[in-house]
Structures are given as structure tokens and as C-alpha cells.
Amino acid sequence: EMDIQLVLGPNSSGKSLFAENLITESSNEHRIYLATMIPQTHENHKRIQKHILQRADKNFQTIEEPWNIHLIEIPKNSFVLLEDASNLLANGIFIHHSDYQECLKRILALAKKCKKLVIVSIDELKISSDYDSKTNDYIEQLHSLNILLQEKALYTKFVKKDS
């Protein structure tokens, strides 16, 4: 039985902090922060710095891997935070010409290797005529991926943006 927990929410809603706490509350064992973002903008770098500071005292080993997460050697007793499925899928689609099904396969292969996998993903993205067809395709695939992850997860948390 794979222990998969899913944390969904819009951008900047506190998903990452919630996910980190899921791991720190459940174990002092091996904690891995699996970062999938390929930083391309000043905003990306700022967000990465924020996350690094946020988890500074939480004893995470950080591994950066934008796509081949299924190939990472992980100790069996590890508690892994996948940050995040939406970036992983974007890397798969836009760089590797892959899709959400391959993305799911890689996530499940990772889940089999660890004691607990906490996955962060963006939800509430909407298809729009303001976006090009590639972006809308990505949003559709992300929606499909999130639904499949919810089916596999033992626990799903929807984080809402504080208004």
C-alpha cells in the first residue's frame, strides 16, 4: 500500500507549508524535498528562496530533478515531498514532449520507493481563450493528473487562498 498524500490549491495559497508540516509532523526520519521547478524568471528564484527559508530548520535533504523522478535512489524509510506535480507535468509536456499519463507513472514509481509521498499540485487553473492552445492543453492535462492523483491518494487536502 502506497502512502500518498495530495495537497491541492491555487498559487501562493500555503500549499507548500501545509505539505512540509504533513511530513515534519509524521516523522523525524529521512526527509527529502524533491524540487522539480526549472527556474526561468526572477519570480521563480524568489519563490525558491522563500521555500528554502521556510524549510530551513526542518531537516530536509533537497534533490532537484525536473523530470526523471522515478530514477532517483531513495532510502526505503524516506518521507518525500514532491514540489510539485504541476511543474513536473509542465517539464514533461513542454521539454520532453510527454503527457500526464507518463507523469503519473513516474510519480507512482517514486511513491513505491518511499515510506510516504506528499505531493503538492496546483488546482483551480481554468482554460481560457486568453491562453494559447498549448497552455490550455497543459491545464487540461494537469486537471486529469490531479484527478488520478486524488484516486491514488490516501488523503487529499484542498488549500484555499486567504482572502
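The values are calculated or read from the model by the stated rules, or taken from the named source; none is laboratory data. Small disclaimer: the values here were computed from a predicted structure and weren't measured. Cβ: placed from backbone, ideal geometry, glycine included. Neighbour counts: every protein chain shown. Note: areas computed on protein heavy atoms with side chains; ligands, DNA, RNA excluded. Shrake-Rupley method; radii C 1.70, N 1.55, O 1.52, S 1.80 Å.
Search the range 25-50 for residues being out of contact with any helix residue (DSSP H, G or I) (no Cβ under 9 Å at 6 or more places or on another chain) and small (Gly, Ala, Ser), and hand back the single one that is most open to solvent (accessible area, probe 1.4 Å).
SER26
Residues that are surrounded by fewer than 16 Cβ atoms within 10 Å (Cβ to Cβ): find the helices (runs of 4 or more DSSP H) completely inside the range 80-163 holding 2 or more of those.
100-113, 133-152
Out of (1) under 13 Å from the mean Cα position of the chain (by Cα); (2) of a type in the set (S, T, N, Q); (3) at positive phi, the odd one out for SER12 is which?
It is condition (1) that SER12 fails.
Does the range 38-47 contain any residue that is in contact (Cβ under 8 Å) with a residue 24 or more places away in the chain and either farther than 24 Å from LEU142 by Cα or touching a strand residue (DSSP E or B) at 6+ places or on another chain (Cβ under 7 Å) (or both)?
no
Tell me whether the range 90-103 contains one or more residues that are within 21 Å of ALA153 (Cα to Cα) and β-branched (Val, Ile, Thr).
Checking the range 90-103: not a single residue is within 21 Å of ALA153 (Cα to Cα) and β-branched (Val, Ile, Thr).
How do the pairs read when you match residues in the range 142-163 that are farther than 20 Å from LEU17 by Cβ with residues anywhere that are charged (D, E, K, R) and open to solvent by less than 50 Å² (accessible area, probe 1.4 Å), using Cβ under 9 Å and keeping only pairs 6 or more apart or on different chains?
LEU142/ASP123; HIS143/ASP123; LEU154/ASP3
Need the failing condition index for VAL118 against (1) free of Cβ contacts under 8 Å to residues at least 40 places away in the same chain; (2) aliphatic (A, V, I, L, M); (3) under 17 Å from SER13 (Cβ atoms), just the number.
Evaluating VAL118 over (1) free of Cβ contacts under 8 Å to residues at least 40 places away in the same chain; (2) aliphatic (A, V, I, L, M); (3) under 17 Å from SER13 (Cβ atoms) leaves (1) as the failure.
When only residues in the range 121-140 that are of a type in the set (Ser, Thr, Tyr) and in contact (Cβ under 8 Å) with a residue 12 or more places away in the chain count, which is farthest from LEU81 (Cα to Cα)? Step through it out loud before you land on a result.
Here is the first cut: in the range 121-140, the ones of a type in the set (Ser, Thr, Tyr) are 121, 128-129, 131, 133, 135, 138.
Within this subset, residues satisfying the condition of being in contact (Cβ under 8 Å) with a residue 12 or more places away in the chain are 121, 138.
On the way: SER121: 11, TYR138: 22 Å.
The extreme case among them is TYR138.
Could you tell me whether any residue of the range 100-120 is of a type in the set (Asp, Glu) and modelled with pLDDT of 95 or more?
Within the range 100-120, one or more residues are of a type in the set (Asp, Glu) and modelled with pLDDT of 95 or more.
Determine whether ALA109 is under 13 Å from the mean Cα position of the chain (by Cα) and not polar (S, T, N, Q).
no
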